[in-house]
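> Here it is: the structure, laid out below.
The values are calculated or read from the model by the stated rules, or taken from the named source; none is laboratory data. Here the structure is a predicted model, which is why all the values come from computation and not from measurement. Using ideal geometry, Cβ is built from the backbone for each residue, glycine included, and neighbour counts are taken over all protein chains shown.
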Amino acid sequence: MNQIFQILSERRGDLGVALLQHLQISLVSLLIAMVIAMPLAFWAVKHTRAAEFLLQIASILQTIPSLALLGLLIPLVGIGTVPAVIALVVYALLPIFQNTYLGLTEIDPALEEAADAFGMSRLQKLLKVELPLAMPTIISGIRTALVLIIGTATMAALIGAGGLGSFILLGIDRNNTALIVIGAVCSGILAITLSALIKWLEHASVKTALGILSVSIIFLAGSGIYQAVTSQKETIIIAGKLGSEPEILINMYKDLIEQDDSHVQVTLKPNFGKTTFLYSALKNGKIDIYPEFTGTVLETFAKSPVKTAGLSEKETYEKAKKLMYEQDKLTLLKPMAYDNTYALAVKTSFKNKNHLKKISDLANITNQLKGGMTLEFIDRGDGFKGIKKLYKIDFPVKSMEPALRYQAINQNKVNIVDAYSTDSELRQYHLSILKDDKHNFPIYQGAPLMSNDFANKHPHIVHSLNKLAGRITEKQMQEMNYEVNVKNMDPRQVAHNFLVKQHLLKEK
């Protein structure tokens, strides 16, 4: 409990932002789903065959896994709030349409005939007779949709839309139960509160319900306008992948940029998502900068295979820089010193017991190996695919999220994992890296990636970020990761402290 209260105190600003983002995404999705589903249900009451067809379509849409739906939407609408809202609307259609349709079709036919006898128009009958009678059933469907939306909206953090899911993802990544609890509990409280408000609408008049709907729309529109009007400075959006290291780096970027130019305001989007999400967001103009690695550029983004084995640090960077410029009109700035390469890691005790020093030694004990690796590493040519091909070894591997694989090896559920050379968990869990004696892994030096247009229009920002070129050793990066992941220090403070010690930032 003490850790939860401490995090609430330290991150109350972040929690407020995440809560507002979650509320906005949820309410926008609910309102759009209502605008689509309810009129369709009103129309379908008089068209039975069409109603059955629409119910089937809504049911099929709801069976699509959320991650799959988000993945399908990214190439079409990019990253961020838009695909998150579209996905949530899709999931909310069924309960709203179904309950609205049922509520209207279950009205006593005698009451319908009485309304017709009084000479009511179709609209008058809907507003004065049908809606009031069907309201409890309709409200029940809206409540179900709302709870579904708020729970599913935690997935929005995976594609940079923010919300309370960012706390949950951060907690999983850092093995911090308190962060997970805060994100989950706040999401639950939000669902209960809004559900109770909608429950109250069962007893309200149609005018009151419409009034609250109007206020919600004004709130959502007003908050967006306010944010746009109150931001006098130019806003630069910098995003980072999942993990402590990208978050430390983007905070360094922010400090350096804002120190050198007081007219620029930097907005950070930490734990934005997977590599391909960030790359897509950058190309689509959703973000301006993010930290990437030279090896990732050549292995993941190259449309044609690029030979990376045996390349020096300089050769790897020059190839990556040229590729980004020619292929996607992107600029890769000068890299930092450390090489955050892939590695295979085992417990030091396991290493000593089996006399392991290099990856080639694994060939002697493949029958003992049980791997836990990230899905990205398993599927990469310079990852497990390359290991199997180059070293002629194979063993069973389970795909796991980055933080979970370290928990698994610590609990002896697996005995070999993929790692990065700067991971704090290597020190935390007493793991040893096996030497890549056949040079499967290319060099991974980190550098800011941005569009050519952005770089040309912001030479002062390029100058600020290039101050990190050639700096930060592997030991320094691992120590900073350890301070965040194990000592639970704020990444902002860790980044600030490093820059001050390196005389790159003035002490405040």
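> When you scan segment 428-488 for helices (runs of 4 or more DSSP H) that lie fully inside it, which ones turn up with 2 or more residues that are modelled with pLDDT under 95, closer than 30 Å to Ser9 by Cβ and not assigned by TED's automatic domain parsing to the domain that holds Phe377?
Of the helices (runs of 4 or more DSSP H) lying wholly inside segment 428-488, those with at least 2 residues that are modelled with pLDDT under 95, closer than 30 Å to Ser9 by Cβ and not assigned by TED's automatic domain parsing to the domain that holds Phe377 span 474-485.
> Restricted to segment 254-300, and to residues that are modelled with pLDDT of 85 or more, in contact with a strand residue (DSSP E or B) (Cβ under 6 Å, 6 or more places away or on another chain) and among the aromatic types (Phe, Trp, Tyr), which residue is farthest from Gln21 (Cα to Cα)?
Phe293
> Six or more apart or on different chains, Cβ under 6 Å: which pairs go from a residue in segment 260-279 that's in the same structural domain as Met450 (by TED's automatic domain parsing) to one that's assigned to a loop (DSSP other than H, G, I, E, B) and among the charged types (D, E, K, R)? Could you list them?
Every condition considered, the pairs that remain are His263/Lys233; Gln265/Lys233.
> Out of Thr275, Thr316, Thr267, Thr294, I need the residue that is surrounded by fewer than 14 Cβ atoms within 10 Å (Cβ to Cβ), hydroxyl-bearing (Ser, Thr, Tyr), within 29 Å of Leu499 (Cβ to Cβ) and touching a helix residue (DSSP H, G or I) at 6+ places or on another chain (Cβ under 9 Å). Which one?
Thr267
> Could I ask something else about it? Going through segment 126-155 one residue at a time, which ones are surrounded by fewer than 18 Cβ atoms within 10 Å (Cβ to Cβ) and among the basic types (Lys, Arg)?
Correct list: Lys128 only.
Here is a yes/no grid of residues against (1) in contact with a helix residue (DSSP H, G or I) (Cβ under 9 Å, 6 or more places away or on another chain); (2) under 24 Å from Thr422 (Cα atoms); (3) surrounded by 14 or more Cβ atoms within 10 Å (Cβ to Cβ):
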position	(1), (2), (3)
Glu326	no, no, no
Thr341	yes, yes, yes
Val346	yes, yes, yes
Lys357	yes, yes, no
Lys385	yes, yes, yes
Val397	yes, yes, yes
Ala403	yes, yes, yes
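> If you take just the helices (runs of 4 or more DSSP H) that sit entirely in segment 1-98, which of them hold at least 2 residues that are within 27 Å of the chain's Cα centre (by Cα) and polar (S, T, N, Q)?
2-10, 12-44, 48-62
> Tell me the residue from Gly80, Gly71 that is on the phi > 0 side of the Ramachandran plot, of a type in the set (Gly, Ala, Ser) and in the same structural domain as Gly188 (by TED's automatic domain parsing), please.
Unique residue meeting the criteria: Gly80.
> Go through segment 298-313 and report how many residues are acidic (Asp, Glu) and exposed (fewer than 15 other Cβ atoms within 10 Å of the Cβ).
Qualifying residue count, segment 298-313: 1.
> Taking segment 464-488 only, how many residues are surrounded by fewer than 20 Cβ atoms within 10 Å (Cβ to Cβ) and under 19 Å from Phe293 (Cα atoms)?
Going through segment 464-488 one residue at a time, the tally reaches 9.
> Does segment 254-271 contain any residue that is over 22 Å from Leu504 (Cα atoms), in a strand (DSSP E or B) and not hydrophobic (A, V, I, L, M, F, W, C)?
yes
> Let me ask another. Identify all residues within segment 103-119 that are surrounded by 14 or more Cβ atoms within 10 Å (Cβ to Cβ) and among the hydrophobic types (A, V, I, L, M, F, W, C); write none if there are none.
Leu104, Ile107, Ala115
> Which is of a type in the set (Val, Ile, Thr), surrounded by 19 or more Cβ atoms within 10 Å (Cβ to Cβ) and farther than 25 Å from Ala302 by Cβ, of Ile393, Ile409, Ile365?
Residue meeting the stated conditions: Ile409.
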